[in-house]
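Supplied in structure tokens, the structure appears directly below.
The values are calculated or read from the model by the stated rules, or taken from the named source; none is laboratory data. What you are looking at is a predicted structure, and each value in this text was computed from that prediction instead of being measured. When we count neighbours, we look across all protein chains shown, and the Cβ atoms used for this are built from the backbone with ideal geometry, even at glycine. Just the protein is used for accessible areas: all its heavy atoms, side chains included, with ligands, DNA and RNA removed. Shrake-Rupley method; radii C 1.70, N 1.55, O 1.52, S 1.80 Å.
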Amino acid sequence: MLGMPWADFHTHTRYSHGTGTIEDNVREAARKGLYAVGITDHGPSMLGIGIDLRRWERIEKEIRVVQSKYPQVKVLLGVEANLISEDGDLDIPNEIIGRLDLLLVGFHLMVRPASWRDGLRLIAGNLAYESLPRKTQERVRQINTRALIAAVNRYDVDIVTHPGLHLDIDTVKLARACVARNTALEINASHRVPDVGFVRAAAREGAFFVLSSDAHSPNRIGDFRKALQVAEEAGVDRGRVVNLDYGWHTMCRRA
Ligand SMILES: [Zn+2]
Ligand SMILES: [Zn+2]
């Protein structure tokens, strides 16, 4: 048994499509005895639900107010940024990235890409994946992997969320890039992604992991069950899980 994580780095609020407020999430984190909670709503390119960046200062202010009410929980302000180009562009401006406690990157398909070409290569190929010939599928997999690695190399990404959700990724290449950049791979309890095979392959490359609830409602904060199952089944060492082993990782220093 791996034990219970001390932080939930990936949760959503009403600023994207969560059902609770920042305070609801933090209150629940306190109730569950978590030491830290990440407020990480979707970047603005997520269709229909992304953060409105004009509200950013309001979000920062709200975090400060909530933090003062719940000193027992470290409230980390982050985003789940979207990959929007083959070159690894994210949908969050650098000046905001510089002010974050946590930068999560998710490869989602329901996003506005940086250009029509990126839409074609990054999104359309994945949406049509099942109907594509094997050779084209392999090309889509390579583009996915290259784009995500480009983001990891260009930005100080703390966590790649749900790697491989609804898309094919070269696990070994992604894991190697993440190890080199001190970026953790998420094991996501909401989606139960990645699967055991992916986690084993990434672990062999020396990857670090984070277990997250990806809660979209306050009651799910700190619900790591499905992520723990995957990690345990894959035989992941406790010392490789950032939010189990309070170690040297940059996220631990911030929290
Ligand atoms: Zn996501
Ligand atoms: Zn999420």
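Residue-wise test of (1) open to solvent by 20 Å² or more (accessible area, probe 1.4 Å); (2) touching a Phe, Trp or Tyr at 6+ places or on another chain (Cβ under 7 Å); (3) not in a loop (DSSP other than H, G, I, E, B).
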{"position": "Trp56", "(1), (2), (3)": "no, no, yes"}
{"position": "Pro71", "(1), (2), (3)": "yes, no, no"}
{"position": "Val79", "(1), (2), (3)": "no, no, yes"}
{"position": "Gly88", "(1), (2), (3)": "no, no, no"}
{"position": "Asn153", "(1), (2), (3)": "yes, no, yes"}
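Give the residue that is most open to solvent (accessible area, probe 1.4 Å), with candidates limited to residues of region 90-129 that are over 18 Å from Leu47 (Cα atoms) and among the acidic types (Asp, Glu).
Among residues in region 90-129 that are over 18 Å from Leu47 (Cα atoms) and among the acidic types (Asp, Glu), the one most open to solvent (accessible area, probe 1.4 Å) is Glu95.
Inspect region 6-14 for any residue being in contact (Cβ under 8 Å) with a residue 40 or more places away in the chain, of a type outside the set (Lys, Arg), outside any helix (DSSP H, G or I) and surrounded by fewer than 22 Cβ atoms within 10 Å (Cβ to Cβ) and give the result as yes or no.
In the first step, residues of region 6-14 are kept if they are in contact (Cβ under 8 Å) with a residue 40 or more places away in the chain; the result is 6-12.
This time we only want the ones that are of a type outside the set (Lys, Arg), so: 6-12.
Going one step further and asking which of them are outside any helix (DSSP H, G or I), we end up with 6-12.
Narrowing the set further to residues that are surrounded by fewer than 22 Cβ atoms within 10 Å (Cβ to Cβ) leaves 6.
Yes, the conditions are met somewhere in region 6-14.
Any idea how many residues of region 220-246 are aliphatic (A, V, I, L, M) and part of a loop (DSSP other than H, G, I, E, B)? Steps first, answer last, please.
Step one: of region 220-246, the residues aliphatic (A, V, I, L, M) are 221, 227-228, 230-231, 234, 236, 241-242, 244.
Those left that are additionally part of a loop (DSSP other than H, G, I, E, B): 221, 236, 242, 244.
Going through region 220-246 one residue at a time, the tally reaches 4.
If you take the residues of region 173-206 that are among the hydrophobic types (A, V, I, L, M, F, W, C) and surrounded by fewer than 24 Cβ atoms within 10 Å (Cβ to Cβ), which of them is nearest to ligand 1 (Cβ to nearest atom)? Show your work before the answer.
Pass one, region 173-206, residues among the hydrophobic types (A, V, I, L, M, F, W, C): 174-175, 177-180, 184-185, 187, 189, 193, 196, 198-199, 201-203.
Checking which are surrounded by fewer than 24 Cβ atoms within 10 Å (Cβ to Cβ) leaves us with 177, 179-180, 193, 196, 198, 201, 203.
Details: Ala177: 19, Val179: 22, Ala180: 23, Val193: 10, Val196: 20, Phe198: 16, Ala201: 21, Ala203: 22 Å.
Once the filter is applied, the top-ranked residue is Val193.
What number goes with the only condition from (1) within 27 Å of Met251 (Cβ to Cβ); (2) modelled with pLDDT under 95; (3) of a type outside the set (Asp, Glu) that Val66 does not pass?
Exception for Val66: condition (2).
Still on this structure, please answer the following. Pick from region 133-148 the residues that are of a type in the set (Val, Ile, Thr) and within 13 Å of Leu122 (Cβ to Cβ): which of them is farthest from the chain's Cα centre (by Cα)? Before the answer, list the steps.
At the first step, the residues of region 133-148 found to be of a type in the set (Val, Ile, Thr) are 136, 140, 143, 145.
Now narrow it down to the ones that are within 13 Å of Leu122 (Cβ to Cβ): 140, 143, 145.
Values: Val140: 21, Ile143: 20, Thr145: 16 Å.
Checking each candidate, the answer is Val140.
Would you pick out the residues in region 207-238 that are more than 18 Å from the chain's Cα centre (by Cα) and either under 15 Å from Ile187 (Cα atoms) or basic (Lys, Arg) (or both)? Can you show your working first?
So the first thing to find is which residues in region 207-238 are more than 18 Å from the chain's Cα centre (by Cα), and the list is 219, 229, 232-238.
Scanning region 207-238 gives Gln229, Glu232, Glu233, Ala234, Gly235, Val236, Asp237, Arg238.
Which pairs have Cβ atoms under 6 Å, sit 6 or more apart or on different chains, and link a residue in region 143-167 that is under 22 Å from Asp195 (Cβ atoms) to one that is more than 14 Å from ligand 1 (Cβ to nearest atom) and of a type in the set (Lys, Arg)?
Sorted first by the residue in region 143-167, then by its partner, the pairs are Ile143/Arg121; Thr145/Lys173; Val152/Arg181.
Oh, and also: Kindly indicate the residue of region 33-52 that is in contact (Cβ under 8 Å) with a residue 40 or more places away in the chain and within 12 Å of ligand 1 (Cβ to nearest atom) and also nearest to Met251 (Cα to Cα) among those meeting that condition.
Thr40
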